[in-house]
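Structure first, then comments.
The values are calculated or read from the model by the stated rules, or taken from the named source; none is laboratory data. Because the structure is predicted, anything quoted here is derived from the model rather than measured. Cβ: placed from backbone, ideal geometry, glycine included. Neighbour counts: every protein chain shown.
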Amino acid sequence: MASQKLLDLIIEAMKDERHDRKKYKLMMEMTKSDLVRNQIRFAYIDEGIHYKMFRQIYFELTGKWIDVVRPPVKLAPTLIGNVKTSIDGELAAVEMYREIRSMLTLRSQRDRLFRIITDEQEHATRFVYVYSILK
Ligand SMILES: [Fe+2]
Ligand SMILES: [Fe+2]
C-alpha cells in the first residue's frame, strides 16, 4: 500500500508540472530570440511528459486515474526575472522528486523518477545558460 504522504507528493508534483509547463509557454512568448526560445521549449515539452508519467505512477499505486487543477502562474515582468525563479523551481523539484523516489519500491517506478530528476537537472542547467545569454 502506498502511503498518503507519497500520494500527496505525487499530486503536488503533478500540479507543479502543469504550472511549469504553462509558465514556460508564457516565457517562450516573451522573447524574440530563437536560441532562447528553443532552450525553454525543451523544458516545456518535458513537463508535459513528466505530468503523464506521474499520472501513470499514481494509477499504478491506487488504481485511479486523476487529473489536477493547474495552479495560477504568477509571472515576473521581465523574462530574466522568470528565468531566475525557474532555476529555483527546477532545483526545488529535484529535491522533492528525490524524496518521492526514496518512497517508491518498484524498480520501474524508481527508474522513471530517475529520468524525471535528471531532466529537471538539465532544465536548471539550460535556464542558467539562458540567464547568461540575457544578462
Ligand atoms: Fe518536470
Ligand atoms: Fe523542469
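If I filter the stretch 26-33 for residues that are in a loop (DSSP other than H, G, I, E, B), away from ligand 2 (no atom under 12 Å from the Cβ), within 14 Å of the chain's Cα centre (by Cα) and over 14 Å from Asp119 (Cα atoms), do I get at least one hit?
Filtering the stretch 26-33 for residues in a loop (DSSP other than H, G, I, E, B) gives 29-33.
Retained after the next criterion (residues that are away from ligand 2 (no atom under 12 Å from the Cβ)): 29-33.
Applying the additional criterion that residues be within 14 Å of the chain's Cα centre (by Cα) yields none.
No, that holds for no residue.
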Regarding Ala2, is this residue under 22 Å from Asp111 (Cβ atoms) and modelled with pLDDT under 95?
-> yes
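Could you check, for the stretch 80-87, whether at least one of its residues is within 12 Å of ligand 1 (Cβ to nearest atom), in a helix (DSSP H, G or I), over 22 Å from Asp34 (Cβ atoms) and modelled with pLDDT of 95 or more? Even if it seems obvious, please write down each step before you answer.
Of all residues in the stretch 80-87, those within 12 Å of ligand 1 (Cβ to nearest atom) come to 86.
Okay, now just the ones that are also in a helix (DSSP H, G or I), so 86.
Next, from what is left, pick out any that are over 22 Å from Asp34 (Cβ atoms): none.
Taking every residue of the stretch 80-87 in turn, none turns out to be within 12 Å of ligand 1 (Cβ to nearest atom), in a helix (DSSP H, G or I), over 22 Å from Asp34 (Cβ atoms) and modelled with pLDDT of 95 or more.
State which residue is surrounded by the most Cβ atoms within 10 Å (Cβ to Cβ) when the search covers only the stretch 27-51 and only residues that are of a type in the set (Val, Ile, Thr) and within 16 Å of ligand 1 (Cβ to nearest atom). Explain how you work it out, then say what you get.
Quick first cut of the stretch 27-51, residues of a type in the set (Val, Ile, Thr) only: 31, 36, 40, 45, 49.
From the residues that got through so far, the ones that are within 16 Å of ligand 1 (Cβ to nearest atom) too are 40, 45, 49.
Details: Ile40: 26, Ile45: 13, Ile49: 14.
My answer is Ile40.
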Could you run through the stretch 57-105 and say how many residues are within 20 Å of Thr31 (Cα to Cα), surrounded by fewer than 16 Cβ atoms within 10 Å (Cβ to Cβ) and of a type in the set (A, V, I, L, M, F, W, C)?
-> 3
Identify, by number, the condition in (1) away from ligand 1 (no atom under 13 Å from the Cβ); (2) surrounded by 14 or more Cβ atoms within 10 Å (Cβ to Cβ); (3) part of a helix (DSSP H, G or I) that Phe54 doesn't meet.
-> (1)
